[in-house]
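The block underneath contains the structure these notes are about, expressed in structure tokens.
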Amino acid sequence: MTRRPSILVAVAAMLLSLISSGSALAQQYGGILKSMQRANPGSLSTHEEASFVPSWVTMSIYDQLVAYDPLKVVESVDTIIPGLAKSWRWNADHTALTFTLNQGVKWQDGKPFSAADVKSTYDIVRGASRQRLKLNPRRLWYASIKDITTSGEHEVSFHLSRPQPSLLMMLGSGYSPVHAAHVPVAKWRTETMGTGPFALTEFKRDQIIKVRKNPEYFVKGRPYLEGIDFIIIRSGGTRIAAMIAGQLDVSQPTETDQKVYDRLKAQVPTMAFNKTYLASNVNVIINAARPPFNDARLRAAVNLAVDRGAYTKAVQPGYLVGGFLTPVPHGSWGLTAEQLGGVQGYGDPEKNKERARGIMRQLGYSEGKPLKVTVTTRQTSNYVDAATWMLGELKLVHFDPTLEIVEDGVWHPKVSRREYAIGLNATGSGIDDPDVTFVENFSCDSIRNYSGYCNRELEKEFNRQSEITDVQERLKLANEIERKLVEDVARISLGFRVNYNARYPYVKNFVGHNTNYNWPLWADVWLSK
């Protein structure tokens, strides 16, 4: 009897939680959701893209083998749920991962989905097929796969050259859709043929992308929505105005920072939010392969010039200071600001700037003879704001910077070709895991290693940490690697994004995650109006 009150309290808390998330209400069918869409996708071929702009749309059209629980904010291996696969198992030494696939799944042209489609997709992505992707930013994710085999129509196995526990998480990313083997790669970019809850019906560039309910979707009772209109608005201010006016039902990740949250809350008091810290940091990339920044001393001067504390207070209030992995507890792996306190660039900002000026003087620069440099960024307002602030910081340490703004669609090809000197960048991680962050951004041969940083010995440590199955042991090594990358100025991390994931309260099961790429599961979203 003495335990009864605590049990009642627990039950009441659970019911309150369910009600607030919308899960305790009877889900309603129908309605067209109006989603914010900040730009045209570079293409509809998610595997070839390096932004969440396309995956935000294509996650409604395609499925992954597995997915992330739509109601869990911090993603991990423990939040993975079935997708096209209904179950999975590792072998004893984590060198083979086998999936049992759902039966009765059809492509949107009526042809049956099978294990052959999974094998075809990932043979293409890992470069083991005669078909080739034009760009392949995640090929290195799957470098440890030595073979993919099928057993009948509904079982597929990934065979690895070494243990890699993170493979399951990679396959759950919105970056990891499964494509039909009977559709050639060339058509991935402009056409869609998915198994997902919705099918593409219209794409007018700079206007709208429409998807409508797939009546043959294999998940019983899904989707709830009749369709989604992704309304393309290129101006950040106009997007927020449209949200305030009720012309949009939900925002996109990275759109509702602290400043926008304050504005929305003031003008639409009934607006609903869930706060997340993203596996996405704003950073400075420096082209180490191009003079004058092939001189490590100049890169150190830039690193010392930036006051990260000022950035996370004045430019982007609420952002988290960190390294390259999302700081714990908002992610599972990253060093906190306190842990980075003794690393170059994270100490006293005035002393750092004086050291930067000393380096510049040694190199022959001064207030009267500054180094001219161009800082390049993309046209989105939060990037431009950060880059403008960056110009002010550089001016204080004998640089004469100018700003170059390029379109979103131009940005990734430009920095991939290293056609820049200094860039104000943002890096999102397809999953919150060291394998993706280290390999994709800092491996010598990765096309997303925009700064050209290359340390072959440290790269061996990337692989070593990847194989460790004990989480705490792996965390310790990942922390050591992250600290080394920070010290080497592989990039300059300014801060991890805070996002408030705005929605009108009638939108249910729309819960922001700590990555940009793996949510929402559009099949589960519904409208209570």
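May I ask you to verify whether D408 is under 16 Å from A305 (Cβ atoms), in contact with a Lys or Arg (Cβ under 8 Å, 6 or more places away or on another chain) and not assigned by TED's automatic domain parsing to the domain that holds W519? When the stated conditions are applied, D408 does not pass them. The single residue among D109, D123 that is within 23 Å of G430 (Cβ to Cβ) and touching a residue at least 12 places away in the same chain (Cβ under 8 Å) turns out to be D123. If only residues of the range 96-140 that are out of contact with any helix residue (DSSP H, G or I) (no Cβ under 8 Å at 6 or more places or on another chain) and over 15 Å from H179 (Cα atoms) are counted, the one that is surrounded by the fewest Cβ atoms within 10 Å (Cβ to Cβ) is R130. Working only within the range 234-249, note down all residues that are surrounded by fewer than 21 Cβ atoms within 10 Å (Cβ to Cβ) and either assigned to a helix (DSSP H, G or I) or modelled with pLDDT of 95 or more (or both). G236, G237, T238, A241, A242, I244, A245, G246, Q247 - these are the residues of the range 234-249 that are surrounded by fewer than 21 Cβ atoms within 10 Å (Cβ to Cβ) and either assigned to a helix (DSSP H, G or I) or modelled with pLDDT of 95 or more (or both).
Identify, from the list V498, V439, the residue that is of a type outside the set (F, W, Y) and closer than 30 Å to D249 by Cβ. Step by step, each of V498, V439 is checked, and only V498 is of a type outside the set (F, W, Y) and closer than 30 Å to D249 by Cβ.
Annotation note: of N281, N214, the sole residue that is assigned by TED's automatic domain parsing to the domain that holds P327 and in contact (Cβ under 8 Å) with a residue 40 or more places away in the chain is N281.
If the condition is being touching a residue at least 40 places away in the same chain (Cβ under 8 Å) and assigned to a loop (DSSP other than H, G, I, E, B), then the range 407-420 contributes R418, Y420. Scan the range 421-445 residue by residue and report those that are in a strand (DSSP E or B) and either among the hydrophobic types (A, V, I, L, M, F, W, C) or buried (at least 24 other Cβ atoms within 10 Å of the Cβ) (or both). Across the range 421-445, the qualifying residues are I422, G423, L424, N425, A426. For the range 466-484, residues that are touching a residue at least 24 places away in the same chain (Cβ under 8 Å), more than 20 Å from the chain's Cα centre (by Cα) and in a helix (DSSP H, G or I) total 7.
Name every residue in the range 292-330 that is of a type outside the set (G, A, S) and within 19 Å of G364 (Cβ to Cβ), in order of residue number.
Selection gives P292, F293, N294, D295, R297, L298, R299, V302, L304.
All of (1) assigned to a loop (DSSP other than H, G, I, E, B); (2) at negative phi; (3) in contact (Cβ under 8 Å) with a residue 60 or more places away in the chain; (4) not acidic (D, E) hold for P269 with one exception: (3).
Return the residue satisfying two criteria in turn: it lies in the range 92-131 and is basic (K, R) and over 29 Å from R464 (Cα atoms), and of such residues it is farthest from the chain's Cα centre (by Cα).
K111
A residue that is of a type in the set (A, V, I, L, M, F, W, C) and surrounded by 20 or more Cβ atoms within 10 Å (Cβ to Cβ) occurs somewhere in the range 222-229.
The values are calculated or read from the model by the stated rules, or taken from the named source; none is laboratory data. Only a predicted model underlies this, so the values are computations on that prediction, with no experimental measurement involved. Neighbour counts run over all protein chains shown; Cβ positions are idealised from the backbone, glycine included.
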